[in-house]
Amino acid sequence: MAATGAWAVVLAAGASSRFGSPKQRLLLEPVLERVRRSSVDGVVVVLGAHELETSERTVHCPEWERGPGASLRCGLEALPPEAEAAVVVLGDGPDLSPEAVDRVIDVWRAQGADAVAATYDSVRLHPVLLGRKAWSRTPDEGARTIDAVLVPCDDLGPPGDVDYADEVPESLRPTRWSSPDP
């Protein structure tokens, strides 16, 4: 596959306090499998609250508590010099479509936009692509506050956002699963 210039930054630094345990242990690898099926040139996973073993390169963000933007900045700094863009993906979005990643890359390539974001039923979600020019504008709130060209991905379905144990898709639940009491 030809190089796209786009690398994935997978944000997995949070404490998972609402989940009740490190949800990344359950959700991160399925997200990484989906990212690898896209056309990104490589992947960097940003960790913070929890140390995890992953199948991809990781970077620890000591300022992860400042917010997703701080974690994203750590991931951006870890990208190689040849990376022209970062596709931001959440480590707790197990339904991410590789085709959504490819769509934001394709629109970025075609239009040269600094930022491109997927939408689902007119709601802006992930993935979000940031061209290198936009990297220095990343606030602590993260990429959601950066103006972006919007790419409809309604036909692909949203990536998901698992905050609580009872939101884990059935296909990812261990055989002896019991979600923590609310």
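The values are calculated or read from the model by the stated rules, or taken from the named source; none is laboratory data. The model shown is predicted, which means the values in this text are computed figures rather than measured ones. Glycine also receives a Cβ, built like all others from the backbone with ideal geometry; neighbour counts cover every protein chain displayed. Side chains are part of the model used for accessible areas, which takes the heavy atoms of the whole protein and leaves out ligands, DNA and RNA. Shrake-Rupley method; radii C 1.70, N 1.55, O 1.52, S 1.80 Å.
Against the condition within 24 Å of Leu27 (Cα to Cα) and either polar (S, T, N, Q) or touching an Asp or Glu at 6+ places or on another chain (Cβ under 6 Å) (or both), how does Thr138 come out, does it pass? Against the criterion (within 24 Å of Leu27 (Cα to Cα) and either polar (S, T, N, Q) or touching an Asp or Glu at 6+ places or on another chain (Cβ under 6 Å) (or both)), Thr138 does not qualify.
Can you tell me which residues in the range 136-159 are assigned to a helix (DSSP H, G or I), modelled with pLDDT under 95 and either among the polar types (S, T, N, Q) or open to solvent by 20 Å² or more (accessible area, probe 1.4 Å) (or both)? Correct list: Ser136, Arg137, Arg144, Thr145.
Note on the range 121-135: residues that are open to solvent by 20 Å² or more (accessible area, probe 1.4 Å) and within 16 Å of the chain's Cα centre (by Cα) amount to 4. Looking at the range 69-86, can you tell me whether even one residue there is under 26 Å from Gly157 (Cβ atoms), part of a helix (DSSP H, G or I), open to solvent by 10 Å² or more (accessible area, probe 1.4 Å) and not small (Gly, Ala, Ser)? Within the range 69-86 (the criterion being under 26 Å from Gly157 (Cβ atoms), part of a helix (DSSP H, G or I), open to solvent by 10 Å² or more (accessible area, probe 1.4 Å) and not small (Gly, Ala, Ser)), the answer is no, since none of the residues qualifies.
The set of residues in the range 1-34 that are open to solvent by 60 Å² or more (accessible area, probe 1.4 Å), of a type in the set (A, V, I, L, M, F, W, C) and either modelled with pLDDT of 65 or more or closer than 21 Å to Trp135 by Cα (or both) contains only Ala3.
If only residues of the range 41-68 that are assigned to a helix (DSSP H, G or I) and not aromatic (Phe, Trp, Tyr) are counted, the one that is least open to solvent (accessible area, probe 1.4 Å) is Pro68.
Picking from Ala118, Ala110, which residue would you name as being of a type in the set (A, V, I, L, M), open to solvent by 30 Å² or more (accessible area, probe 1.4 Å) and free of Cβ contacts under 8 Å to residues at least 60 places away in the same chain? Step through it out loud before you land on a result.
Values: Ala118 fails: open to solvent by 30 Å² or more (accessible area, probe 1.4 Å).
Going through Ala118, Ala110 in turn, just one is of a type in the set (A, V, I, L, M), open to solvent by 30 Å² or more (accessible area, probe 1.4 Å) and free of Cβ contacts under 8 Å to residues at least 60 places away in the same chain: Ala110.
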